[in-house]
Amino acid sequence: MVTRRTFLHTATLGVAAAGLGWAGAARAQQMELKIGYMPHPIHENSIKWMKQWAGQHKVTLTPVPISYEVYVEKMTANLTSRGGQYDVIWHNDDWGQLWGRYLEPVDDVPAVKKMNRFLYEPPFVWEGKDTGVAFVETIGTFFYRTDLLKESEFPRTWDDFVKTCQQLQKDGKVKWGFTGGMKYPHGWFTFFWSIWANGGDLMTPLHERRNEELAKAGWKAAVDSPEAVQAVEFWWDNIKTAKIAPPGQPGYSRDDANAIFMAGDAAITMADTTLYGKFNDPKQSKVAGKLSVASFPMGPRAKFKSIAWRDAWAWAIPSHVDGAKKKTAKELLNWINLNEEAQVDLWKATGGFPPNEDVQKKLMQSDPVFRKFRAATVESEKIIHGAYYFARWPEFFATGIDHMVRAVTGPRDQIRPTLAEGAKKMSEVAARA
Amino acid sequence: MLALIVPAFLILVLFQIVPIVIGANASFRSWSLFNPQKTFVGLANYRRILTDPLFYGTVLPNTFLFMAASVTGGLVAGLGLAVMLNRRFRGERIIRTAILLPLMVPPVVAAIMITWMCNDQFGIVNVAMQAVGLEPVPWLVYRWTSMAIVIATDVWLWTPWFTILILAALRTLPPEPHEAARIDGAGPWRLFRYITLPLLQPVLMVCVVVRAIDAFRVFDIVWTITKGGPARSTETFSIYAYKQAFVYLNFDLGTTASLIGAAIVMVVGALLYRGLSAAVEVSR
């Protein structure tokens, strides 16, 4: 018979054992990875797969969204103060040199070997070590509406580009021929592609991105070169005389331009391939199902047939994160990149190129849309990086775009002097790198 | 007595004095946010800010223009509304509540709303302009249209604040001077000009001093509507300091700009305070 005393002893021991067991289990499940990311279809797709892995490995995943507008400053402050807010962070290619010293080397993540080295050098290399695990390639391309333009009709030169846009507008088929982001930090979608497609670049030597070579050349900005001046004049004319782009474009972010394109008010836009999923979503876009891509129309000064930029967005691990978390984060990032299903889903859902080259090869064989995207972008004659990788890049970039916006909104004859002033200031900023 | 003061004093030191001292320290050093070397550079940062043509040629003029225009606009509109509301009429309470509504809207929300209203493609302002046969305007592409939108938003937000304070003051004015003036044959304008306005002067001056100092530090509305653009042409002092510190990551220059701004606002505040004292003296 169970006495009252025995019952109490047993119950107490039972409760204590259950408590200890619960505490032990809770401790085993307590590994939490906090992910600092920007709300964007690509990040959300990647986090979806991270959650799947986390669920299987009893890791708690806590995604912490941060607006793009404040991402660099917020994350820089977190890294320099060794804050514990994030264990894995979004690491854009053009912040490589800014944060290199604060990031954990990831050379020991096997999946990195599956990626194209062009994506890594120089953006994600700090003192000879890789600092990010790419989760998507980010490549700019032209999107156009197939209900308005056949593939064979897509313009190959700037002249044809203007004529095609004007014709579409004249025929009443669309309000604007083209729209694209212009203000800081969105200049890739107008100013930058056109400078590159006209044979120019932001610095000399042309298409050089290694800091030591830029230093040897005296950190010289090239936005006052004839190619760049002509590119800004091209936009001045497109907005003010040819009127193929909205007059408000100098104030547009990429989101403003995307909204106009998705509303069906523009025939052509220029954006990252990663926006394909959004543009092609009938719930968000009126142009869904009638989209294709093309390479940049070339300017009159270009000495090559086609050009594209090829970069990556990566996940990185702050070096001050504790060892166990670093190990878990590396396992997670490795898994995503080696998981073919996750890599293919990234492409299908968003239009972002999966960084695993084995997966890209398979998609080339099986997916005609992917073949078209590659042909319009990374199979161009010339491939460059879309940014520079010195620590003063944010200020250099902002100074350049501000002068280009000033030039495109001022009198046409002031474009050259405005860009000359911009080049001088940009060179001063770069020299402080 | 000392025990009562200590908590407040400690909070003041920890959250006001210490950050200011750290900021002041950074302003004498080379201190980038991405690689804080903290090398002592003397007054070099002050020289750089004070000789930056953007700072003295665009940022300071924009700041004072914003301050003058938004305070004047809010004051005039608030005074007008307060005088109108200072009487009994049907629906008085509903009108008074409606006028107070902008005060309840967070400035960032108001700024986003105004930005969309002024969007060149989808905004209601251009739709209305086109409806009456006018050409649509890309409002946020030009310096002065952008600045006008920023100022108008601020005036809209702050007019109710002026209205409440001035209305409260109007309700407490003594009736005798008005009655005496009416007996002497003064009309409504003369009553307002020579009786009401002088009696309101101390309250108006308090409103101006408080709002002017606040307007000097404006950040949220400008950042949300223009981010200081196009091409930095609508930057005010706070936006300039923020960009230096957190966009260009020059923490040293950002703190230097903040301290220079603080010095300027102290001088402006002292001058306005002197004006306030004089006004109060006159009204006695």
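Readers should treat all values here as calculations from the given coordinates under stated rules, not as data from a laboratory. Note that this is a predicted model, so its numbers are computed, not measured. All Cβ positions, even for glycine, are placed from backbone atoms using ideal geometry, and neighbour counts span all protein chains on display.
State all residues of segment B:1-56 that are of a type in the set (S, T, N, Q) and touching a Leu at 6+ places or on another chain (Cβ under 6 Å); if no residue qualifies, say none.
Passing the criteria: B:Ser27, B:Ser32, B:Asn45.
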Total residues in segment A:329-347, condition surrounded by fewer than 21 Cβ atoms within 10 Å (Cβ to Cβ) and among the polar types (S, T, N, Q): 2
Single unsatisfied condition, A:Ala387 versus (1) away from every other protein chain (no Cβ under 14 Å); (2) touching a strand residue (DSSP E or B) at 6+ places or on another chain (Cβ under 6 Å); (3) under 27 Å from A:Glu73 (Cβ atoms): (2)
Long-range neighbours under 7 Å by Cβ, at least six apart or interchain, first residue free of Cβ contacts under 8 Å to residues at least 24 places away in the same chain within segment A:190-213, second of a type in the set (A, V, I, L, M, F, W, C): A:Thr204/A:Ala217; A:Thr204/A:Ala222; A:Pro205/A:Ala217; A:Glu208/A:Leu214
Given (1) in a loop (DSSP other than H, G, I, E, B); (2) buried (at least 20 other Cβ atoms within 10 Å of the Cβ); (3) under 19 Å from the mean Cα position of the chain (by Cα), index of the condition A:Val321 fails: (3)
Residue count, segment A:237-260 (criterion: surrounded by fewer than 20 Cβ atoms within 10 Å (Cβ to Cβ) and either outside any helix (DSSP H, G or I) or more than 25 Å from the chain's Cα centre (by Cα) (or both)): 7
Filter result for the condition that a residue is without any contact (Cβ under 8 Å) to a residue 24 or more places away in the chain, within 13 Å of chain B (Cβ to nearest Cβ) and over 23 Å from A:Ala314 (Cα atoms), over A:Arg371, A:Arg432, A:Arg406: A:Arg406
Selected residue [farther than 18 Å from A:Thr141 by Cα and of a type in the set (Gly, Ala, Ser)] from A:Ala308, A:Ala266, A:Ala329, A:Ala288: A:Ala329
Subset of segment B:220-241 that is away from chain A (no Cβ under 13 Å) and either outside any helix (DSSP H, G or I) or among the polar types (S, T, N, Q) (or both) - its residue that is nearest to A:Tyr252 (Cα to Cα): B:Thr236
Residue ID - surrounded by the fewest Cβ atoms within 10 Å (Cβ to Cβ), chosen from residues in segment A:167-177 that are over 26 Å from A:Arg406 (Cβ atoms) and within 14 Å of chain B (Cβ to nearest Cβ): A:Lys175
Top-ranked residue of segment A:55-88 - restricted to ones that are more than 14 Å from chain B (Cβ to nearest Cβ) and of a type in the set (A, V, I, L, M, F, W, C), ranked as farthest from A:Leu333 (Cα to Cα): A:Val64
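So if I check each of A:Lys51, A:Lys58, A:Lys34, which one is free of Cβ contacts under 8 Å to residues at least 12 places away in the same chain and basic (Lys, Arg)?
A:Lys51
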Residues within segment B:55-68 that are within 14 Å of another protein chain (Cβ to nearest Cβ) and loosely packed, with under 15 Cβ neighbours inside 10 Å, tallied: 1
Helices (runs of 4 or more DSSP H) lying entirely in segment B:1-99 (those with 1 or more residues that are in contact with a Lys or Arg (Cβ under 9 Å, 6 or more places away or on another chain)): B:18-26, B:44-50, B:60-85
Search result, residues across segment A:178-221 that are more than 14 Å from chain B (Cβ to nearest Cβ), over 30 Å from A:Glu127 (Cα atoms) and either assigned to a loop (DSSP other than H, G, I, E, B) or in contact with a Leu (Cβ under 8 Å, 6 or more places away or on another chain) (or both): A:Ile195, A:Asn198, A:Gly199
Checking A:Leu333 against (1) over 16 Å from the mean Cα position of the chain (by Cα); (2) closer than 17 Å to A:Glu379 by Cβ, the condition it does not meet: (2)
Subset of segment A:280-306 [farther than 22 Å from A:Thr164 by Cα and either buried (at least 18 other Cβ atoms within 10 Å of the Cβ) or of a type in the set (Asp, Glu) (or both)]: A:Asn280, A:Asp281, A:Ser285
Of all residues in segment B:144-164 being within 13 Å of chain A (Cβ to nearest Cβ) and out of contact with any Gly (no Cβ under 9 Å at 6 or more places or on another chain), the one that is nearest to B:Asn62 (Cα to Cα): B:Trp144
